[in-house]
Structure formats: C-alpha cells, structure tokens
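Notes follow once the structure below has been shown.
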Amino acid sequence: MTSTDAPAAIAPAPPVLAEVVRSGFTEGHHRGSLVLLAADGSVERTLGDPDAPVFPRSSNKPMQAAAILRAGLELSGERLALAAASHSGEPFHLELVAKMLAEHGLSAADLQTPPDLPLDPVAAEAYLAAGNVRERITMNCSGKHAAMLAVCVRNGWDTATYLDPAHPLQLLVGQVVAEAAGEPVAAVGTDGCGAPLMAIGLTGLARAFRSFVLAEPGSAERRVADAMRAHPEYVAGTRRPDTWLMTEVPGTLSKMGAEAVQAVALADGRALAFKIDDGSVRALGPVLARALELLGVDAPVVSRIGSAPLLGGAVEVGEIRAKF
C-alpha cells in the first residue's frame with residue numbers, strides 16, 4: 001500500500017440480539033439483523049442490515065412448496081405441510097414421506113438428500129436404539145424432496161437432475177421466491193439437503209411470509225400457508241417452536257431455517273424475519289420471543305419459546321436472553 005492509499009473501511013459489527021449470562025456474568029453475545037413489518041407491510045423496526053442478502057435456508061420452504069403446486073402437483077393437508085417441512089424425523093413424518101413417494105411410483109432410493117438421523121434428539125435416540133442407521137428418508141428435508149420428485153414424475157421432468165439449478169422446477173422456485181420477496185434473487189447456492197438455495201434480504205423474507213398469509217384463498221401461496229397452519233406438527237415436530245407457535249397463536253405462519261434464520265407472519269399481516277450471524281440456534285428462541293413481543297403477540301407460548309436456560313452441574317445458573 002502506498003502512502004496515498006486510504007485504509008479500507010471496516011464495516012460496523014452487527015448489533016447484539018442476544019447475550020449469554022452465566023452466574024450473573026455476561027460471557028458472550030449473539031449478533032445479527034432483524035426486521036419487523038406492521039400489518040400494512042411498512043417497516044416498523046430494523047436492527048442491523050435487514051436488506052443485505054442472506055441464505056434463508058429452510059425458511060424458503062414455503063416458496064419451494066408453492067412452486068411445486070404451481071408446477072401442477074396436487075397436494076393438500078398433511079402432504080402439503082410436509083412438502084414445506086424441516087420435519088423432526090418422528091415416525092409419523094417418515095411414514096408419510098414413504099407414502100408420498102410410493103404414490104408416485106418412487107422410493108427412498110430416489111431421494112438425493114444426504115443420509116441423516118432424525119432431527120429431534122428424542123426421536124434420534126429411539127431410532128438408534130431400534131438398530132437403525134442414517135438414511136436419506138430420515139433427513140429433515142425428505143418431505144420437500146419427495147414432493148419435488150413427485151412433480152417431476154407428474155410433468156415428465158428428469159428426476160435424476162431435480163436438484164440442478166437449471167432444472168425447470170428449480171427455475172420456477174427462483175421465480176416464486178423473487179415474486180414473494182418483491183426483490184430479485186441475489187445469489188444461488190446449495191442448501192444442506194442439496195437443493196438450490198436462493199438468497200434474499202430479511203425484509204424480502206418477511207414480505208414473502210406476509211404475502212402467503214394474505215394471499216387469495218385457493219392460490220398456491222395461500223394453500224401452502226393454510227396447510228402449514230392446519231398441520232404444524234408436520235412442518236416441524238411435536239417438540240419444536242414452529243409447531244408451538246402455529247398451534248397456539250391461530251393464523252400464524254412460522255418457519256425457521258438453519259444458521260439461525262426465522263420468519264413469521266401473523267394473520268393480520270404483521271411479520272418478522274431475522275438472522276443470527278454466528279448461526280447459533282441456541283439464541284433463536286429468545287430473539288424470536290422478543291420480536292413477537294414487539295409485534296404485540298401476547299400469549300403464553302411466547303415465554304415458552306423464549307426460555308433458554310444455561311446449566312451448571314445440571315442446575316440452572318443463567319440464561320440466554322434477548323438484548324433489544
């Protein structure tokens with residue numbers, strides 16, 4: 001660097017969304033960005049940079065499921081909820097995925113998900129105790145992949161390349177994501193399950209969830225939202241915050257994603273989206289609970305979601321708590 005070169009600007013650190021307090025001592029922080037939308041869709045509050053593109057990870061699944069419907073696959077009820085799911089791998093999840101595959105002449109061998117254990121720790125322990133090993137169908141995205149394969153069979157599209165970003169289905173997914181978010185897809189990557197992953201801003205993600213809740217009845221977007229809200233246990237599992245929230249706050253659409261992404265829309269159009277920069281899911285509950293409080297949600301489930309105790313010697317000695 002010459003004497004006339006200016007030093008590169010250093011981007012400010014994202015704000016603290018949650019702090020880790022152990023025995024009264026703050027031992028860590030979780031930073032990130034967040035956006036809250038009012039019922040009319042206007043931005044009510046922001047923290048950090050919610051317009052910067054992020055990979056929403058599995059929070060994109062409602063849009064992927066809507067694309068599957070637009071492509072012509074007839075899905076409803078629990079099957080449509082499972083198509084938008086990051087399921088826990090409980091027996092009822094795996095049984096329905098197998099049925100969805102068989103209904104279209106497919107089997108678990110056609111899935112291109114990586115072999116995995118159930119996402120839910122309790123389900124994983126029972127699965128291993130029964131002598132099972134990692135399987136493709138057990139991976140939490142297998143419902144989405146089963147639906148993607150099924151629509152390929154329905155349309156005569158190649159099933160071997162259904163995860164190629166240039167595949168007709170994935171091109172349609174990109175279109176649906178951009179339309180719902182109200183902004184172009186900033187980048188295309190590969191999700192943990194192998195599916196193409198479209199980057200948008202958190203504001204766009206909140207807008208997308210809002211648009212699904214407020215969509216015209218009978219539209220692909222509204223059908224996905226209605227199925228997820230009617231069958232939340234298929235979207236997540238019996239021990240998951242998305243399930244609790246959609247069950248206990250009627251009309252709410254909620255979907256978390258890996259790397260600590262969360263999007264929620266309430267029945268009247270209020271919405272939120274956030275991402276914790278370090279990807280720590282342990283901070284997701286406290287941040288979500290605080291964001292819901294700021295949106296005016298007053299329900300016992302908010303406290304349940306926000307509870308994140310820290311243990312020392314099997315005794316509660318602290319907590320992870322929101323800091324905004």
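Exactly one residue out of Arg229, Arg222, Arg239 is without any contact (Cβ under 8 Å) to a residue 12 or more places away in the chain and in contact with a helix residue (DSSP H, G or I) (Cβ under 8 Å, 6 or more places away or on another chain): that is Arg222.
Residues that are open to solvent by 20 Å² or more (accessible area, probe 1.4 Å), of a type in the set (S, T, N, Q) and modelled with pLDDT of 95 or more within segment 3-60 comprise Ser23, Thr26, Ser42, Thr46, listed in sequence order. Residues of segment 250-262 that are within 16 Å of Glu221 (Cα to Cα) and either open to solvent by less than 20 Å² (accessible area, probe 1.4 Å) or basic (Lys, Arg) (or both): Thr252, Leu253, Ser254, Lys255. Considering each of Ala273, Ala322, Ala265 in turn, give the residue that is of a type in the set (A, V, I, L, M, F, W, C), touching a residue at least 60 places away in the same chain (Cβ under 8 Å) and buried (at least 24 other Cβ atoms within 10 Å of the Cβ). The match here is Ala273. Would you check if there is a residue in segment 73-84 being in contact with a Pro (Cβ under 6 Å, 6 or more places away or on another chain) and in a loop (DSSP other than H, G, I, E, B)? Looking through segment 73-84, at least one residue is in contact with a Pro (Cβ under 6 Å, 6 or more places away or on another chain) and in a loop (DSSP other than H, G, I, E, B). Among the residues of segment 75-82, some residue qualifies, meaning at least one is in contact (Cβ under 8 Å) with a residue 24 or more places away in the chain, surrounded by 13 or more Cβ atoms within 10 Å (Cβ to Cβ) and charged (D, E, K, R). In segment 226-243, the residue that is most open to solvent (accessible area, probe 1.4 Å) out of those that are over 16 Å from Ala258 (Cα atoms) and in contact with a Ser or Thr (Cβ under 6 Å, 6 or more places away or on another chain) is Glu233. Residue pairs whose Cβ atoms lie under 8 Å apart, sitting 6 or more positions apart in sequence or on different chains, and linking a residue in segment 189-201 that is free of Cβ contacts under 8 Å to residues at least 24 places away in the same chain to a partner that is open to solvent by less than 10 Å² (accessible area, probe 1.4 Å), are Thr190/Pro196; Thr190/Leu197. Scanning segment 125-137 for any residue that is open to solvent by 10 Å² or more (accessible area, probe 1.4 Å) and touching a residue at least 40 places away in the same chain (Cβ under 8 Å) turns up at least one such residue.
Residues that are open to solvent by less than 10 Å² (accessible area, probe 1.4 Å) and not hydroxyl-bearing (Ser, Thr, Tyr) within segment 139-159 comprise Cys141, Gly143, Lys144, His145, Ala146, Ala147, Met148, Leu149, Ala150, Val151, Cys152, listed in sequence order.
The numbered conditions (1) closer than 23 Å to Asp268 by Cα; (2) open to solvent by 40 Å² or more (accessible area, probe 1.4 Å); (3) in a helix (DSSP H, G or I) are all true for Ala180 except (2).
The values are calculated or read from the model by the stated rules, or taken from the named source; none is laboratory data. Since the model is a prediction, treat every value here as computed from it, not as a measurement. So basically every Cβ, Gly included, is an ideal-geometry build from the backbone, and we count neighbours across all protein chains shown. Areas reflect the complete protein model, heavy atoms only, side chains present, ligands, DNA and RNA absent. Shrake-Rupley method; radii C 1.70, N 1.55, O 1.52, S 1.80 Å.
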